[in-house]
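The values are calculated or read from the model by the stated rules, or taken from the named source; none is laboratory data. Not measured: the values here are computed from a predicted model. Cβ placement follows ideal geometry from the backbone for every residue including glycine, while neighbour counts extend to all protein chains displayed.
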Amino acid sequence: MRILYFTAGSASMYCGSCLRDNALAAELLRQGHDVILTPFYTPTLTDEPNVSRPQVFFGGISVYLQQRLALFRKTPWALDRLWDSRFVLERAARRRIPTSPRLLGEFTVAVLEGERGPVRKEVEKLLHWLRSEPAPHVVSLPFALLIALAGPIKAATGRPVCCTLQGEDLFLESLEPAHRARALELIRENIRHVDAFLPVSDYYREFMSDYLGIPPGKMHAAPLGISLSGYQPRAARTGGVFRIGYFARIAPEKGLKLLGEACVKLRRSGQLPAARLEAAGYLAPEHKPYLKSVHRLFEEAGLAGEFRYYGSPGRDGKIRFLESLDVFSVPSPYREPKGLPVLEAMASGVPVIAPRHGAFPEMLAKTHGGLLFEPHSVDSLADALLELYEDTDLRIELGRRGGLGVRAHYRIEDAARGVVGVFENICAETAGVERCSR
């Protein structure tokens, strides 16, 4: 099957959506499909071999210039190549420019206006390239924020267009109200052009159907999967300092401070004699004060040496980090649709503690690799941590079950076959069975 798979770069950040898209595309290639993984905005950063094309569409600099200054909407395409080049985009990404969604409302609306908006030239570049390429059997968009391209792509290729759903509501809800309302209006206008939406969890299928008004019949499950290369369930640690781990973006919506508060509560009560909170993950410039507030929380409790931030390691470092832990938690106040770090921790044989909302209940119902706590509750999270500290046998058993559960339900090989199944069905319904053969 020939699949044109778009992904969205996120500058210098390890982004869960980018990692998921790259892993899925790599596995589809391994299974014999003809996959073209093409980034939008910036080149992608992955912790596995990157299979994306070097060409970037809707380069972040071009879109910004065209959205802000009418002059750049008329510049020759050849000139645009200067700031659309991989070199320039990567240099810009290394500057770590703040990318808070609150600053990107106009950018988002401009992209969602598509052919009718200030970045019409970028749509024309994409369609010109599409017409020069062999026609794919199906086209996949990475999220609903690019849904304005569905109609033009279908017109140019005559092939079905699918759209993954994997966390758009977090971004949309952080826009200024006027930009959010306009963005949602534009997304809803374009739902009719998409043949199938692929939410990454059962929770997100139901939530996004209501949130965006997507007909349930257009929703098709696309379960997550991770590459298990390098992951080995390890024997549970016993004795010594109790190591509590966190691996995700350092941001309020991921809940690191909540985890810190639970740790401090247990240490002050004397119920947890020796412990350390180990954290890792991407830190955006605008979230440095948030990380400082977590350090300050431990310092003010007289526990300054019991919190450490390790930066944003690559794949090998991530696996070593996870293997060093006794328990893992990303206690996100946001209702997560994915939760890839939880799968990675369980793949390492580490028991997890997750909030009872979003995709986590279904994830732990399948794997049996951890405990759920009441969202936003420091006391409930502290109780779960204490339970796993005091019950070594339970900790070992949950780690064992989690490792087996991920291998039974969340392998990238199975996820890729599931996505292909959706593509083949949609292709057969809309374009004829003969077009969907490999």
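Would you mind stating whether R417 is part of a helix (DSSP H, G or I) and crowded, with 20+ Cβ neighbours inside 10 Å?
Criteria not met by R417.
Considering only region 379-416, how many residues are charged (D, E, K, R) and under 21 Å from the mean Cα position of the chain (by Cα)? Reasoning before the result, please.
So in region 379-416, the residues charged (D, E, K, R) come out as 379, 383, 387, 390-391, 393, 395, 397, 400-401, 407, 411, 413-414.
From the residues that got through so far, the ones that are under 21 Å from the mean Cα position of the chain (by Cα) too are 407, 411, 413-414.
Counting residues in region 379-416 that are charged (D, E, K, R) and under 21 Å from the mean Cα position of the chain (by Cα) gives 4.
Yes/no matrix, rows are residues, columns are (1) touching a strand residue (DSSP E or B) at 6+ places or on another chain (Cβ under 6 Å); (2) assigned by TED's automatic domain parsing to the domain that holds S380; (3) among the aliphatic types (A, V, I, L, M):
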| residue | (1), (2), (3) |
| --- | --- |
| E323 | no, yes, no |
| S329 | yes, yes, no |
| Y334 | no, yes, no |
| P337 | no, yes, no |
| A347 | no, yes, yes |
| V350 | yes, yes, yes |
| R356 | yes, yes, no |
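Among the residues of region 207-223, write down those that are farther than 25 Å from I412 by Cα, touching a residue at least 24 places away in the same chain (Cβ under 8 Å) and assigned to a helix (DSSP H, G or I).
Y211, L212
Quick check: anything in region 417-434 under 24 Å from the mean Cα position of the chain (by Cα) and among the small types (G, A, S)?
At the first step, the residues of region 417-434 found to be under 24 Å from the mean Cα position of the chain (by Cα) are 417-423.
So of that shortlist, the ones also among the small types (G, A, S) come out as 418, 421.
The answer is yes, given that some residue of region 417-434 is under 24 Å from the mean Cα position of the chain (by Cα) and among the small types (G, A, S).
Quick check on region 292-323: of everything there that is touching a residue at least 40 places away in the same chain (Cβ under 8 Å) and loosely packed, with under 14 Cβ neighbours inside 10 Å, which residue is farthest from the chain's Cα centre (by Cα)?
D316
Which number in (1) among the small types (G, A, S); (2) farther than 26 Å from E397 by Cα; (3) crowded, with 18+ Cβ neighbours inside 10 Å marks the one condition that S348 misses?
(2)
Answer yes or no: is there a residue in region 333-351 that is in contact with an Asp or Glu (Cβ under 7 Å, 6 or more places away or on another chain) and among the hydroxyl-bearing types (S, T, Y).
Our first condition is that a residue be in contact with an Asp or Glu (Cβ under 7 Å, 6 or more places away or on another chain); within region 333-351, this holds for 333-334, 348.
Now drop any that are not among the hydroxyl-bearing types (S, T, Y), which leaves 334, 348.
Yes - at least one qualifying residue is present in region 333-351.
Scan region 28-45 residue by residue and report those that are surrounded by fewer than 23 Cβ atoms within 10 Å (Cβ to Cβ) and either within 15 Å of the chain's Cα centre (by Cα) or within 19 Å of L343 (Cα to Cα) (or both).
L45
When you check Y204 against the structure, is it in a strand (DSSP E or B), buried (at least 20 other Cβ atoms within 10 Å of the Cβ), in contact with a strand residue (DSSP E or B) (Cβ under 7 Å, 6 or more places away or on another chain) and touching a residue at least 60 places away in the same chain (Cβ under 8 Å), yes or no?
On the way: in a strand (DSSP E or B): no; buried (at least 20 other Cβ atoms within 10 Å of the Cβ): yes; in contact with a strand residue (DSSP E or B) (Cβ under 7 Å, 6 or more places away or on another chain): yes; touching a residue at least 60 places away in the same chain (Cβ under 8 Å): yes.
It is false that Y204 is in a strand (DSSP E or B), buried (at least 20 other Cβ atoms within 10 Å of the Cβ), in contact with a strand residue (DSSP E or B) (Cβ under 7 Å, 6 or more places away or on another chain) and touching a residue at least 60 places away in the same chain (Cβ under 8 Å).
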